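A.B. asks: Take a look at the following structure, please.
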Amino acid sequence: MSALETMMPPAEYVDVGDGVRLAYYQAGPHRGVPVVFCHGFPELAFSWRHQLKALGEAGRWAIAPDQRGYGLSSRPGPVEAYDIVHLTGDLVRLLDHLGIEKAVFCGHDWGGIVVWQMALRHPDRTAGVIGVNTPFNRRSPADPIEIMRKRLGEEMYIVHFQKPGEADAALAADVAKSMGFFLRRPALGAAAEPPSAGFATERKPGDPSAFPLVRILEAYDPAVDPRGTFLTEAEMAVFVDTFRRTGFTGGINWYRNFTRNWRLGEGLPDRIDVPSLMVMAELDAVLPPSAADGMEELIPDLEKALVRGSGHWTQQEKPAETSEIILGWLARRFPV
């Protein structure tokens with residue numbers, strides 16, 4: 001049996017419309033306000049295996065879908081099928097399917113963008129929001145891709161992702177190498193380095209692009225990577241085997257909707273009016289704790305928690321700490 005079969009509940013499925021089917025996993029008794037866990041890139045519902053187990057054992061209803069484009073879920077062809085309207089709509093259809101009126105939505109990385117948008121687009125279905133690493137920000141004053149292009153450079157990974165097929169092929173050329181590059185702990189000594197500014201990085205004229213993922217991956221040699229791992233061989237095999245089967249285009253298509261999502265966001269509120277928790281990772285280079293500065297002005301009912309020693313993959317690098325923070329907040333705000 002694979003780690004997916006031994007560490008996750010059985011996969012279940014829901015049709016969300018337009019021929020798209022989502023796989024999802026659930027744990028715990030069907031009572032109280034459930035928590036829906038939304039993964040990021042390049043991840044899977046499997047990324048929440050520790051939290052599904054912890055919440056289920058604590059008597060909480062926990063649900064984690066493979067979101068569209070990922071894992072056992074459908075991978076529609078059109079880029080527009082991955083915009084924020086579809087991504088949040090999928091979660092509404094999942095609630096409808098399970099007979100749930102409202103849920104707490106917990107998202108990491110891209111999943112964090114989705115769950116904050118749930119509170120804006122579907123407040124009647126959103127009881128609360130938990131952002132893991134990903135903060136909530138006001139809608140940008142201009143097209144975010146153009147802002148990133150000017151600030152971070154043409155080869156910055158989100159900007160580069162806008163080119164059809166290029167990054168998709170680069171990542172899929174050696175999936176084991178790609179996933180081995182992504183899913184690592186921060187380098188030893190990272191805590192002693194100056195903190196990253198993340199997307200707020202300001203390049204000087206003539207500086208190379210920040211976060212040039214494809215170039216970094218081309219030069220990457222796993223044999224000399226000093227960073228530690230947090231996955232067993234069996235756990236890593238789940239990610240590698242899955243992305244070998246699916247490729248990366250579905251997930252990258254989420255990024256190809258940044259401009260479309262920005263346009264679709266015109267007129268939405270710029271504050272969150274549900275109880276919210278922001279979980280920050282001390283050593284995340286792309287989404288550092290400083291990215292969450294000022295969230296209190298936009299979310300009146302906000303708690304923050306810092307996971308020390310964690311890089312970007314917080315719920316997998318520090319599963320016990322992450323689950324404890326989530327369960328503690330749920331106990332205070334949504335007692336069973």
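No value in this document is a laboratory result; all are computed from the given coordinates. Bear in mind that the values here come from a model prediction, so they are computed numbers and not experimental data. Here Cβ is always computed from backbone atoms with ideal geometry, including for glycine, and neighbour counts include all displayed protein chains.
A.B. asks: Label-point separation (nm) for residue 172 and residue 227, each offset 7 Å from Cα along Cα-to-Cβ?
C.D. replies: Reported label-point gap for residue 172 and residue 227 is 2.4 nm.
A.B. asks: Under the classification rounded if a/c is under 1.5, otherwise prolate if a/b is larger than b/c and oblate if not, where does the chain fall, given a ≥ b ≥ c as square roots of the Cα gyration tensor eigenvalues?
C.D. replies: In terms of gyration-tensor shape, rounded.
A.B. asks: Once you keep just the Cα pairs under 8 angstrom separated by 6 or more residues, what percentage relative contact order results for the stretch 179-336?
C.D. replies: 28 percent
A.B. asks: Only bridges with both residues in the stretch 3-333 count here: give the DSSP antiparallel percent, nearest 5.
C.D. replies: 30 percent
A.B. asks: Further question: Only counting other Cβ atoms within 10 Å, I'd like 318, 304 sorted with the fewest neighbours first.
C.D. replies: 304, 318
A.B. asks: Please list 270-282, 219-231, 133-145 highest first by mean number of surrounding beta-carbon atoms within 10 Å per residue.
C.D. replies: Those peptides, ordered most packed to least, come out 270-282, 133-145, 219-231.
A.B. asks: Which of 250, 267, 40 moves most in a GNM of the chain, Cα contacts under 10 Å?
C.D. replies: 267
A.B. asks: Find the relative contact order for the stretch 1-143 and round it to a whole percent, using C-alpha pairs within less than 8 Å whose residues are 6+ positions apart.
C.D. replies: So the answer I get is 23 percent.
A.B. asks: Same structure, new question: Please report 50, 160 as a ranked list, fewest other C-beta atoms within 10 angstrom at the top and most at the bottom.
C.D. replies: Sorted ascending by nearby Cβ count, the order is 50, 160.
A.B. asks: While we're on this one: How big is the gap, in Å, between the Cα center of the stretch 222-241 and the Cα center of the stretch 295-324?
C.D. replies: Value for the Cα centre distance between the two parts: 23 Å.
A.B. asks: Determine the relative contact order of the stretch 3-333: mean sequence separation of Cα pairs under 8 Å and six or more apart, normalised by residue count, in whole percent.
C.D. replies: Relative contact order of the stretch 3-333: 20 percent.
A.B. asks: Of 18, 83, how do they rank once you tally other Cβ atoms within 10 Å and put the fewest first?
C.D. replies: 18, 83
A.B. asks: Given the -39500 (n - 2.57) contribution per DSSP H run of 4+ residues, what per-residue ellipticity at 222 nm results for the chain, rounded to the nearest 500 deg cm²/dmol?
C.D. replies: -10000 deg cm²/dmol
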